[in-house]
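Worksheet: the structure to be examined is printed underneath.
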Amino acid sequence: MPPPNFTPVDRTRWLAVIAIGLSIYMATLDMTIVATALPTIGHDLNSTATGTQWLLVAYNLPMIGLMIPLGRWVDVVGKRSSLLLAIVGFAVASTACGFAPNLGVLIALRVVQGTFAALIAVLVLAAAALVIAPKDRGKAMGLIGVIGPLGSVSGPVFGSLIVSQLTWPWLFFVNVPISAIAFALVAATVKDAGKLRAPAPAWLGAAAVVAGAFTLLLLGIDNLTSGSTVVGVVMLVGAVVLGAFWSRTSDAANVTGVLRLPPLLSLDSSLLLVTMTGGSMFFLMPYILEQHMGRTAGEVGSIMFAMPLAMGIVSFIGGQLADKFGDWRAGLVGACLAVLGVALLFTQGEQWTTAGTMWRLAIVGAGMGLFVAPNQSATMKFAPRERMGTASSLAGLARNLGFTFGPAVGAVVVGAGRSVNALLVVPLVASAGAALIAVVTAVQIRRLNREPAGPATAVVPQQPEPVGNPE
């Protein structure tokens, strides 16, 4: 049973669900919309390819490094007001990006933009808990799961169209009307009496340590995969040192306290591995199809589209199945489908056919789509209301780390010049691990569902220490 302090709403506000989906769509859109325009931006701002790559890094660093600190802050502030702040901040930062006079300023503004995007990502589950009734939890998370990931998928397409028809600043200006719609919907439909408060100095210190640790981790991985072994190792050691320092703080104790609530650790672990499967597939398949199978770039795009298409279609269906048959059943089937789809890629022989590759990728995408909505629905169900910000940040961190580690490990394998089957081992191991953990999650949820509600069986975590200054 969920903890007794989790007070659900009795009627789902579907416009609010759409608003949350639009917000996360906007945040994920800017992860990829700039990628296809990097040469144009570099030419206009007199920068090299190495310099413009930092436009992607600058946005993604806060999306990982600030997730946990922002989750702790969201625990003690109003969810409606903080979501409105995130949307406005993202729109203002996007507008400023469009007027950036040089690359240095644009990179700095991308960090600000990524910070507000991270806040939006943290608020997905925390705000959703205010507007989604338990009976619609899976369906609503499935809808958000359809709208949100479309941003990263459609980003390169929109980026190419905008640059070809307009100028690169419109890559950022396009966020303004989306922000306006999301702001209006949130303001009208999300009800929450909580207010904003400034973070306390202790929170700022903890945030700096955590952000520094994850920044060194990501830059260390990037240096290792690009061949700078010594620099990469030094950065990874620095990340471990900062992580060890943070682990001894009370802030870390509050975060790990949430993870100790079953089944949250297994939910986040399986989510990390499922997204790592997807991240490695999106990275490795172009190499396999172009270099080993001789396909053109256009053919690769068409073949790979089967995976996100199936993911989007099945995500909403997966949410409905979760509401009808239970989160753990739908999530377990999704994880097993993903590993089945990857395993079937091994059966194609030396030359892959277009149709054969597409339906196998569709199975992988369908498995991921079927898995994510029940996974997020279960997190909402078992996380305490007053710790929903932390729980949401941990889920978001797992998702972002999976999409980061997948390509990183794939790059190492590609660099070693391995065979097609060796390349596919990366997503196979990740998806198999996710399926095994999904079994553990299913056992935990079944046991919790059999337990009667009451103080003797419910696990109530300690109250989080304040991370904001008193009002």
Of the residues in the stretch 263-317, those that are within 21 Å of the chain's Cα centre (by Cα) and outside any helix (DSSP H, G or I) come to P263, F305
Test each condition in (1) surrounded by 17 or more Cβ atoms within 10 Å (Cβ to Cβ); (2) among the hydroxyl-bearing types (S, T, Y); (3) at pLDDT below 90 for T357 and report the one that comes out false. (3)
I'd like to verify a number: residues in the stretch 225-251 that are under 19 Å from V210 (Cα atoms), surrounded by 15 or more Cβ atoms within 10 Å (Cβ to Cβ) and in contact (Cβ under 8 Å) with a residue 40 or more places away in the chain, how many? 3
Going through the stretch 342-354 in order, the residues found to be under 23 Å from V274 (Cβ atoms) and either surrounded by 12 or more Cβ atoms within 10 Å (Cβ to Cβ) or of a type in the set (G, A, S) (or both) are V342, A343, L344, L345, F346, Q348
The stretch 84-101 residues that are not assigned by TED's automatic domain parsing to the domain that holds G114, paired with ones that are outside any helix (DSSP H, G or I) and small (G, A, S) (beta carbon under 6 Å, 6 or more apart): none
Step by step: first the residues of the stretch 54-104, then only those that are of a type in the set (S, T, N, Q) and over 22 Å from A395 (Cα atoms), then the one that is surrounded by the fewest Cβ atoms within 10 Å (Cβ to Cβ). Which residue is that? N102
Here is a list: S81, S47. Which entry is of a type outside the set (A, V, I, L, M), touching a residue at least 12 places away in the same chain (Cβ under 8 Å) and outside any helix (DSSP H, G or I)? S47
For the stretch 328-345, state whether one or more residues are farther than 29 Å from N421 by Cβ, within 18 Å of the chain's Cα centre (by Cα) and assigned to a helix (DSSP H, G or I). no
State the number of residues belonging to the stretch 112-162 that are polar (S, T, N, Q) and more than 30 Å from A207 (Cα to Cα). 2
Select from the stretch 318-375 the residues that are farther than 13 Å from A435 by Cα and in contact with an Asp or Glu (Cβ under 8 Å, 6 or more places away or on another chain) and list them in ascending order. D323, T354, P374
How many residues are farther than 16 Å from I18 by Cα and either of a type in the set (G, A, S) or not in a helix (DSSP H, G or I) (or both) when one looks only at the stretch 156-202? 18
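Is it fair to say G298 is over 22 Å from V157 (Cα atoms) and either in the same structural domain as P407 (by TED's automatic domain parsing) or surrounded by fewer than 21 Cβ atoms within 10 Å (Cβ to Cβ) (or both)?
When the stated conditions are applied, G298 does not pass them.
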Test P308 against the stated conditions and say whether it is in the same structural domain as G356 (by TED's automatic domain parsing) and surrounded by 19 or more Cβ atoms within 10 Å (Cβ to Cβ). yes
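Would you please name the residue that is nearest to the chain's Cα centre (by Cα), looking only at residues in the stretch 355-373 that are within 16 Å of V420 (Cβ to Cβ) and not hydrophobic (A, V, I, L, M, F, W, C)?
Pass one, the stretch 355-373, residues within 16 Å of V420 (Cβ to Cβ): 356-357, 360-361, 364.
After this cut, where a residue has to be not hydrophobic (A, V, I, L, M, F, W, C) as well, the list is 356-357, 360.
On the way: G356: 29, T357: 26, R360: 24 Å.
Result: R360.
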Pick from the stretch 261-291, criterion without any contact (Cβ under 8 Å) to a residue 12 or more places away in the chain and out of contact with any Leu (no Cβ under 9 Å at 6 or more places or on another chain), ranking: surrounded by the fewest Cβ atoms within 10 Å (Cβ to Cβ): Q291
For residues that are touching a residue at least 24 places away in the same chain (Cβ under 8 Å), closer than 26 Å to D251 by Cβ and not aromatic (F, W, Y), tally how many sit in the stretch 102-121. 9
Checking the structure you have, find out if any residue of the stretch 366-375 is buried (at least 20 other Cβ atoms within 10 Å of the Cβ) and under 15 Å from L265 (Cβ atoms). yes
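The values are calculated or read from the model by the stated rules, or taken from the named source; none is laboratory data. Bear in mind the structure is a predicted one, so any value in this text is a computation, not a measurement. Quick reminder, even Gly has a Cβ in these numbers, built from the backbone with ideal geometry, and neighbours come from all protein chains shown.
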